[in-house]
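Notes follow once the structure below has been shown.
Where a number appears in this text, it was derived from the coordinates with a stated rule and is not lab data. What you are looking at is a predicted structure, and each value in this text was computed from that prediction instead of being measured. We place every Cβ from the backbone using ideal geometry, glycine too, and count neighbours over all the protein chains shown.
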Amino acid sequence: MRDHLKFFFFLVINLCLILPVSGSIRSEHEVKAAFLYNFTRLVTWPNLGKTASPLEICVYGADPFGGLLDPIRGRQSQGRNLTLRYSDVTSDLSGCDVLYIDQSLTRGLQSLLDLANERNILTVSDLPDFARKGGMIGYVKQGNVIRFEINLKAADEAGLIINSRLLELAVEVMR
Amino acid sequence: MIGQWRYWRLKTKLLFLTLFTSALGISLVCISLIFVENQNYRKQLESELHVIGGILAEQSAAALIFDDKEQLSSIISSLRRIDNIRQVCIYNSQGSIMAALESEDVRTCPELEPAPETGFAKNAYRMMMPITLDQETVGQLFLTSHLEVLRKHIRTFVLITAFVGIGILLVLFILAIKLQKIVSGPIVTLSDTAERIARDHDYTVRAPVSGPDELGRLGNTFNEMIGTIEEQNRRILESRDSLEREVDARTSELSMANRELEAFSYSVSHDLRQPLRAIEGFGQALEEDCGEQLDDAGKDYLRRIRNASVRMANLIDGLLILSRVSRQSMEKEPVDLTALLQEIADELLEIGDTLPTEINIQPAMQVIGDSRMLRVAFQNLLENAWKYSAKGEKRKIDVSAVTRNGSIEIAVKDNGVGFDMRYIDKLFVAFNRLHTPSEFSGTGIGLATVYRVVRRHRGQISATSEVGKGAHFVVTLPVSGKQR
């Protein structure tokens, strides 16, 4: 009897400790990875003739997620299977639908963006002022909370349609 | 109320029936309308809430996947403007509450495990809706709406239906008052006419009711019946008049004949006495004065002549008495019957007889009638009893009386020879004798006289007997002296 009670208390205390940790405090990169997946669900690509084709997410440069993105493989977004590719050469970007540009990139951003624009690639990055510089979705950090900005003009030029619900959630939308 | 139903007037009954039926119908219609309206309104409310929920779910899907509580709060705060929404809760796919809109009176959002009850509850509607994005459930939406609006709406609806119903009923009431006259009017007229005819016996009155319907036919039939009664009455009156005239004529004829007959019989009896007295007187003179000159045969003839003349005198006396009791006017007075009978018995006993005799007369017998006539009657009865019991070893006469059903029955019994019941018909008829003169002397008028006296007293007489075992006469007289 006493053993049971002890066990019960132990369980309750553990639960109290664990739940908030797993519930709210996620690492910055975990949140960013989750956001990246969510973006794919609220953006419409123009060249969507064959629905069965997989939606390819390319991570350019160093991988900031450290494998956090890997579970995304095999999930679906808008009925398309998600695939993941890591690359650091510009020529290797054919077939990408989403391009995540790591913070580490400093030069050649503009050419990368132009390329993405041509190929209807959604560009996402946590570079500071990424959206202002011509990127489409840029992460910003407000205090402890991760938010994002959207450059609607850039997306329009690339022929991408961003769901208005997503626009509502953005800190700022550049038109 | 229903107990009083048969005392109500026809008008009231018709009115009541009409209004009761209409009220019932209107109530049923109103109730079904209210029921249908309630159902419809509930459905409408439900579908409205589903639309709102759908919009909300669609709006909040994106914010939900980005864990954007601020955005979610702002989305659902727009629902504050919808009055009947009481509570909105948005859960993420893990089931924790992401945003809530709560009014003060409602408890906090329910846990999803176990699933909260949905649908119409006592005074709220609860709805649970998945929030989906690309067919993937990303969260849940829980919405509670209070039913105040529904109740208010239904209350208003009930009020309006009640007012409309009462209004219709009022209009129907006025209409029914006007229209019931069409039905009740002729009946009331007919009933009044019938009452007037019954009261005044005036069969010339006719009911002013006509028409091809049942009431009209009733009126016509009624009028025909009254006509028939009038005709029959007229005929009855006519025949009664003629009958009365006839009866009057017959009665006067009859009484004249009766009077003539009585006068005739009286004068005949009276006038017969004259020559009889001469025969008797001269017969006696002949016997006394010339007796010695007659031989034995002559004396025997003379004795026979004298006996015959005595018998004839008795006969004439009897006839005179009979005639008198028929004609004489009667005086009604209380008569001490016991004393009267005792006198007669004493007279009979004085005449003397060798036979041992026992006469029992019940004391204190009282009757009402003419004492002289009653004396004649009972003298005859007692004399008969005396006479016909003379041949036994012992004479026994009983007179007793019982009062029964407003009349007194006086019984006279003897132990004489009696008579044969076969000849009972002839017993009270004049000049009929049941015994030969050689057995018992008599005129055959006595019991006829008794019968006449009893009849004049409005009484009855009966006799029973068996040969050799005595006779039993019963005279029944009314106790009160009233003439019927």
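Observations, loosely collected:
- Cα gyration tensor category, rounded, prolate or oblate, for the protein assembly as shown with a/c compared to 1.5: prolate
- The modelled label-to-label distance for the pair B:THR204/B:ILE182, using points 7 Å beyond Cα in the direction of Cβ, is 3.6 nm.
- Cleavage-rule hits, chymotrypsin sites (Phe, Trp or Tyr not before Pro), the range A:60-167, DSSP coil, Cβ neighbours within 10 Å at most 14: none
- Karplus-derived 3J(HN,Hα), 6.51/-1.76/1.60, for each residue of the range B:397-407, Hz, glycine and proline x: 10, 10, 10, 9, 9, 10, 9, 8, 6, x, 9
- Per DSSP, loop trypsin sites (Lys or Arg not before Pro) in the range B:301-357 with at most 14 further Cβ within 10 Å: B:LYS332
- 0 to 90° range, to nearest 10: angle between helix B:446-456 axis and chain B longest Cα axis: 40
- DSSP loop chymotrypsin sites (Phe, Trp or Tyr not before Pro) with at most 13 other Cβ within 10 Å: longest gap in chain B: B:9-430
- Averaged over the residues of B:127-140, the number of partner chain Cβ atoms lying within 10 Å of the residue Cβ comes to 2.
- Note on the range B:137-162 and the range B:313-374: Cα centroid distance 116 Å, given to the nearest whole angstrom.
- Using the Karplus relation 6.51 cos²θ - 1.76 cosθ + 1.60 with θ = phi - 60°, the per-residue 3J(HN,Hα) values for the range B:181-189 come to 4, 4, 8, 6, x, x, 5, 4, 4 Hz, with x marking Gly and Pro.
- Shielding value for A:158-164 is 1, the average number of Cβ atoms from other chains within 10 Å of each residue's Cβ.
- Loop-resident sites, the range B:82-145, for trypsin sites (Lys or Arg not before Pro), counting at most 10 other Cβ within 10 Å (DSSP): B:ARG107, B:LYS122
- Summed side-chain charge close to B:ARG245 - residues other than B:ARG245 whose Cβ falls under 15 Å, Lys, Arg +1, Asp, Glu -1: -4
- Mean residue ellipticity (222 nm) of chain B, computed from DSSP H runs ≥ 4 via -39,500 (n - 2.57), nearest 500: -20500 deg cm²/dmol
- Checking the cross-link pairs B:LYS332/B:LYS396; B:LYS299/B:LYS387; A:LYS32/A:LYS141; B:LYS396/B:LYS469 against a 21 Å limit on the alpha carbon distance flags B:LYS332/B:LYS396; B:LYS299/B:LYS387 as lying beyond it.
- Whole-angstrom gap from the range A:64-127 to the range B:421-458, using each part's C-alpha centre: 163
- Peptide B:94-101 has a mean of 1 when you count, residue by residue, the C-beta atoms of other protein chains within 10 Å of its C-beta.
- Within chain B, longest stretch free of exposed GluC sites (Glu not before Pro) [DSSP loop, at most 13 other beta carbons within 10 Å]: B:118-291
- On the beta carbon distance between B:SER438 and B:ILE236, with R0 = 51 Å, the FRET formula returns roughly 0.25.
- Cβ crowding within 10 Å ranks B:THR476, B:THR21, A:THR40 as B:THR21, B:THR476, A:THR40, fewest other Cβ atoms first.
- Here is the short version for chain B: B:CYS30, B:CYS290 have no other Cys C-beta closer than 4.7 Å.
- Counting only residues at least eight positions apart within a chain, or on another chain, the lysines with an alpha carbon under 30 Å from that of B:LYS13 are B:LYS178, B:LYS181.
- Distant-in-sequence amide contacts of B:LEU133, defined by a placed amide H-H separation under 5 Å and a gap of 5 or more residues or a different chain, comprise B:VAL138.
- Shape of the range A:26-174, Cα gyration tensor, a/c cut at 1.5: rounded
- With Cα atoms, 0 to 90° folded angle of helix B:371-388 axis to chain B main axis: 70
- Taking a straight Cα-Cα cut-off under 22 Å and skipping sequence neighbours fewer than 8 places away in the same chain, the lysines within cross-link reach of B:LYS152 are B:LYS43, B:LYS122.
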